[in-house]
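Taking it in order: structure first as structure tokens, then the write-up.
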Amino acid sequence: MKLVIAATGASGTIYLQRLLEQIDCAAHEIHLVMSAHAKQVAKQEIGALKIPKAIAQHSENDLDVPFVSGSARFDAMVIVPCSMATLGRIASGSSDSALLRAADVFLKERRKLIVVPRETPWNLIHARNVVTLLKAGAIVLPAIPSFYSRPGSVTAVVDTVVWRILDQIGLPNPSAYRWGRDMPKPIRKH
């Protein structure tokens with residue numbers, strides 16, 4: 001697969017880190033775009049983001065990248081985390097950066113666009129922007145973890161969201177908890 005992964009300035013860099021760790025970069029072509037604010041938040045939340053060497057990194061202002069053109073074939077784009085400001089800009093059709101232009105292209109070409117907002121609570125403007133993206137064909141996957149698997153660590157909680165992202169992309173994730181197939185793990189006492 002050819003994938004674009006983007007990150008904006010919302011809290012939740014750990015979701016991006018875990019997603020990058022769980023995609024087989026040798027088997028897939030991965031392009032990463034991070035906004036300036038995403039880089040600031042990443043530094044504050046996790047220190048140094050560990051980006052696999054096989055991933056092509058691009059500036060958010062570089063419009064000379066293949067995934068901003070509808071003629072370039074890509075399979076999916078994930079924005080994780082996606083700030084409500086970015087979600088609103090996408091909903092309005094703004095395309096003044098590589099990240100926003102790519103999202104616009106994925107929508108117009110009917111390609112899979114997955115946005116992972118982490119901010120809460122929402123106001124009415126946020127909700128309307130989410131509805132606009134849903135009507136335009138985006139998948140809105142809020143970073144809301146599940147607890148069926150009885151996660152015993154922050155990483156395990158984060159992975160419940162990352163597994164859903166991988167499912168939506170169509171990538172295998174053999175360690176994902178599956179309802180009805182897996183028995184819950186025992187709760188760890190701290």
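The values are calculated or read from the model by the stated rules, or taken from the named source; none is laboratory data. None of these values were measured; they are calculated from a predicted model. Glycine gets a Cβ as well: all are built from the backbone with ideal geometry, and neighbour counts include every protein chain shown.
Listed by first and then second residue, the pairs linking a residue in the stretch 137-152 that is farther than 23 Å from M77 by Cα to a residue that is among the acidic types (D, E), with Cβ atoms under 8 Å apart and 6 or more places separating them unless they lie on different chains, are S149/D182; P151/D159. No other residue among T160, T132, T120 is within 17 Å of the chain's Cα centre (by Cα) and surrounded by 12 or more Cβ atoms within 10 Å (Cβ to Cβ) apart from T160.
When both residues are 6+ apart or on different chains and their Cβ atoms are under 8 Å apart, which pairs have a first residue that lies in the stretch 99-128 and is under 17 Å from V68 (Cβ atoms) and in contact (Cβ under 8 Å) with a residue 12 or more places away in the chain, and a second that is crowded, with 17+ Cβ neighbours inside 10 Å and among the basic types (K, R)? Taking only residues 6 or more apart or on different chains, the pairs are L100/R89; V105/R111; F106/K112.
Identify all residues within the stretch 35-48 that are without any contact (Cβ under 8 Å) to a residue 60 or more places away in the chain and surrounded by 18 or more Cβ atoms within 10 Å (Cβ to Cβ); write none if there are none. Before the answer, list the steps.
From the stretch 35-48, those without any contact (Cβ under 8 Å) to a residue 60 or more places away in the chain are 36-48; that's our starting set.
Of everything in the stretch 35-48, those that are without any contact (Cβ under 8 Å) to a residue 60 or more places away in the chain and surrounded by 18 or more Cβ atoms within 10 Å (Cβ to Cβ) turn out to be A38, V41, A42.
For the stretch 64-73, the criterion of being touching a Lys or Arg at 6+ places or on another chain (Cβ under 8 Å), among the hydrophobic types (A, V, I, L, M, F, W, C), more than 22 Å from L166 (Cα to Cα) and surrounded by 21 or more Cβ atoms within 10 Å (Cβ to Cβ) is satisfied by at least one residue.
The residues of the stretch 90-106 that are more than 16 Å from L134 (Cβ to Cβ) and out of contact with any Ser or Thr (no Cβ under 6 Å at 6 or more places or on another chain), listed by number, are S94, S95, D96, S97, A98, L99, A102, V105.
Test L87 against the stated conditions and say whether it is at pLDDT 95 or above and touching a helix residue (DSSP H, G or I) at 6+ places or on another chain (Cβ under 8 Å).
Numbers: at pLDDT 95 or above: yes; touching a helix residue (DSSP H, G or I) at 6+ places or on another chain (Cβ under 8 Å): yes.
So L87 passes the test.
Applying the condition of being at pLDDT below 95 and among the charged types (D, E, K, R) to the stretch 112-136 and asking which residue is nearest to A76 (Cα to Cα) yields R118. Of the set (1) over 15 Å from A7 (Cβ atoms); (2) touching a residue at least 40 places away in the same chain (Cβ under 8 Å); (3) not small (G, A, S), all apply to D64 but (2). Yes or no: the stretch 19-31 includes at least one residue that is in contact with a His (Cβ under 7 Å, 6 or more places away or on another chain) and either touching a residue at least 24 places away in the same chain (Cβ under 8 Å) or crowded, with 22+ Cβ neighbours inside 10 Å (or both). Yes, the stretch 19-31 has at least one match.
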